[in-house]
Amino acid sequence: MRGRAGSEQEQRQVTSIVPAQAVTGSVRIADDGRAGRDGQEEAAPAPLAPRARLFPSLAAVYRAQLSRARVARIPLLFVATFQSVGIMVLMRGVVDGGFEARAVVAGSSVLVVAFVALNLLAQYFGQLRAGGGLDHYATLPVPPAAVVLGAAGAYASFTVPGTIVTAVAGSVLFGLPLTHLWVLVAVIPLSGAALSGLGAAMGLLAPRQELATLLGQLGMSAALLLGVLPADRLPGPIGWARDLLPSTYGVEALSRSFDAHPDWAVVALDLAVCAVVGVLSLAAATWAYRRAAVR
């Protein structure tokens, strides 16, 4: 009897050291306040990453586009510059000087911007849409405006050397003063913004890649005909179409800067109109990107 009582006492001691939760299956409270069953803690969900801001995203897209297009676009930039200089040489046999010479030099300089920022950007976004590249950008945690502005800024940056070379060569060719060519500091980015937004919208809204290429070519041809030719030589309806072209106001601002005493108030007004058109065209391109990305 004594041996049996001792064994029962030892069994009660062993049972007493087993946790009550293991016997009853009760709920255990985790350190983070969430309940776990059978003594197992539930892991807390990882916090979401903060939403990407516009300007850091814009800088990242701009650097990526600039490094991607650096090798492929430099030959095309040479072609655009050579084309504009060739047009000025051709017009030198027709135009001697005065207002017409200023219009030819200003229009040829801005034509470099139109070739790259309008024509090539329309082709790029048309190819991007046709090849499914928009799906890649849609998965990135960046605002749509950063994609459009980054690509537009990268393409517009390639126009700076060619535009300066064309303006200097044209001024020397037609005997125009070089004093106020610093206006290009405002003309290039504002005209580039207006034409880049227009080119991006064309490429994103075109249902087919071939149509985007066609629209880009037509836009560059319009910039050539309506920008290089003097305004007083154009018929009335075509002159109205010239007023609707975004690059016209950049051409006018650069053309007025060749005067001996430029009217800076009118130059500033032309640049302000170009800036407003640029904001509107980039906003339209952003809307077109959202529309194309969800389809």
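The values are calculated or read from the model by the stated rules, or taken from the named source; none is laboratory data. Being a predicted model, the structure only gives us computed values, none of them experimental. Cβ atoms come from the backbone with ideal geometry, glycine included; neighbour counts cover every protein chain shown. Just so you know, the surface numbers come from the protein's heavy atoms only, side chains and all, with ligands and any DNA or RNA stripped out. Shrake-Rupley method; radii C 1.70, N 1.55, O 1.52, S 1.80 Å.
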Out of 166, 179, sole residue that is surrounded by fewer than 18 Cβ atoms within 10 Å (Cβ to Cβ) and either of a type outside the set (Gly, Ala, Ser) or under 21 Å from residue 277 (Cβ atoms) (or both): 179
Residue satisfying condition, being crowded, with 18+ Cβ neighbours inside 10 Å, at pLDDT 90 or above and touching a Lys or Arg at 6+ places or on another chain (Cβ under 9 Å), within set 174, 158: 174
In region 118-138, the residues that are open to solvent by less than 40 Å² (accessible area, probe 1.4 Å) and not in a helix (DSSP H, G or I): 132
Single condition residue 141 does not satisfy, out of (1) closer than 25 Å to residue 53 by Cα; (2) in a helix (DSSP H, G or I): (2)
Output for region 225-250, where each listed residue is open to solvent by 30 Å² or more (accessible area, probe 1.4 Å), under 25 Å from residue 92 (Cα atoms) and within 23 Å of the chain's Cα centre (by Cα): 249
So residue 188, is it aliphatic (A, V, I, L, M), out of contact with any Leu (no Cβ under 6 Å at 6 or more places or on another chain) and open to solvent by 60 Å² or more (accessible area, probe 1.4 Å): no
From 104, 160, residue being assigned to a helix (DSSP H, G or I) and either closer than 18 Å to residue 225 by Cα or of a type in the set (Gly, Ala, Ser) (or both): 104
